[in-house]
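All remarks here apply to the structure that follows.
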Amino acid sequence: MLSLRSQISTTSSNAHRYAAPQSQSEPTFRKIGAGACGAIFGQDGKSIVIKLAKTDDELSLWNDYHKHTLIAEQFRKWDFKDIKIPECYYFVPKDDPHYFGQHPELAEAAKEVCHLPTSALVTERIFPLPKNTRNLLIHKYCEPRIKEAALRDAANKDCLVRVYLGSMQGRSGGQFFSLRNFKMHLNQMVELQLLLDVKAMAGRMGIAMAIMHWAAKTDARDIEFVLGSSSNKVSAHMSAQDIANLPRPAYTGPPSYINEDFFSRITDLWVLDFNQVQPITMDEAGVAKAIEAARINDPYLPKPLGASQIEKHAWNTFAANYITAADIILGEANDQRLLMLPRMFIRGLIELQERKK
C-alpha cells in the first residue's frame, strides 16, 4: 500500500467527499495542513491548494513561489519524473484588492488562522494516502488506548507521510498521534517490509538533490520529501479511428461521469516546501552552503556510516545516484573543475556524520 506507484481503488469517505463537489457550484474550503510560513487550504473535488501566509512575511511565500518554479523547470529540463513536484500556478500579493472578494468562502475558512488579507500561493494538490494505508499506520503505530479516537479523527484523513531515510529513531505509541505529516523513519520502513522502496527512494532523492544543487543552483534548504497520492486522471482512450467508426455522437467519458476519478489512487514520492531555499555559487562556498542546508534537512536524507545494512544500502544508493546525476548536469559546462563540487558535498556529509560520532 505504501509502495511507490502502487495503485489501489478506494471507497473511503474521502474519495466520495472529493468526487461529490465536482457537480456543485460552491465547494467549500477547509484547512488541510500547515507549515512554518503558511496554512494550506483545499476544496473537496479540486486539484489545487492555496497556501496562505500566516504572518506579514510576504517575501517568504514569494521565495517559495520563485524557487518552486525554478526547481520545477529544472526537473522538466532533465526529464526527471521519479519524484513528483506539484505544479506551481500563481501568486497573489496581500495588497491585491480582488482575490478574497472573489473567494469569500476562502476568507471565511482562513479568518481564524491568518491575518487577512494576506498573500497566497496556488499550487497543485498532493492528495492524501488512501484509507487502508491510513488504517495500517494507525493500527501499527498508534497507542492502543487512543487508537479508536485516531480512526475517527477527521484530521487524520489528510495524511501525507514524511520520508525520514536518515533516521532509525521511529517509535510507536505516545500521548498524541496524528497522520498529518506523519514521520516514517527508516526502521519503520523495515518493519513494514519496504526494503525495495527504500533503495528506490534513496536513489531518487540523490538525483533530485543533484538537480536542485547543480541545475537549479540552490541549496535545497528545508525542502521535504513526502509520500502522497494522486487521483487517476481521465485520459483519452479512444483513437480517432474509433471515434470515426461510431454510428452517431455518443458519450465517451469515464463510467463514473467524474472528471477526476478519486476512487483510484497512485502513491508517489513528492518534494515540496521551497520557502527557505537559497541560491548557491558554483564553488567551494556554494558547496559549504549546500552541506549546511543538508544538515538542516536532517533526517530526510540517508546518512553515511550507518551500522545496519539498510542504512548502508540507502546511503550508497543516494551517493552513487547523486554523483552520477551531478556529473551529467555539470558536464554541460565543459569545465572539469566543476566535477569536484558534488564530490565535496558527499565528502562533507560524511565528515558531518564523523563529527557526530
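A straight Cα-to-Cα reach below 18 Å connects K94 with the lysines K51, K54, K111, residues fewer than 8 places away in its own chain not being considered. Students often forget the sequence filter, so: which aspartates and glutamates lie under 15 Å Cα-Cα from K140 once same-chain residues fewer than 8 apart are removed? Those aspartates and glutamates meeting the cut-off are E148, E191.
Here the Kirkwood formula puts the hydrodynamic radius of the chain at 22.0 Å, using every distinct Cα pair. If you find the alpha carbon centre of region 270-316 and of region 37-71, how far apart are they in angstrom? Each part reduced to its Cα centre gives a spacing of 23 Å. Rg/Rh, computed from the Cα trace of region 180-234 with Rh as the Kirkwood radius, has the value 1.04. Listed cross-link partners K131/K183; K31/K131; K147/K303 are compared with a 23 Å cut-off, the Cα-Cα value being larger for K147/K303. Can you list the lysines whose alpha carbon sits under 19 Å from that of K77, skipping same-chain ones fewer than 8 residues off? K77 reaches K67, K217.
Each value in this text was obtained by applying a stated rule to the coordinates, not by laboratory testing. Here the structure is a predicted model, which is why all the values come from computation and not from measurement.
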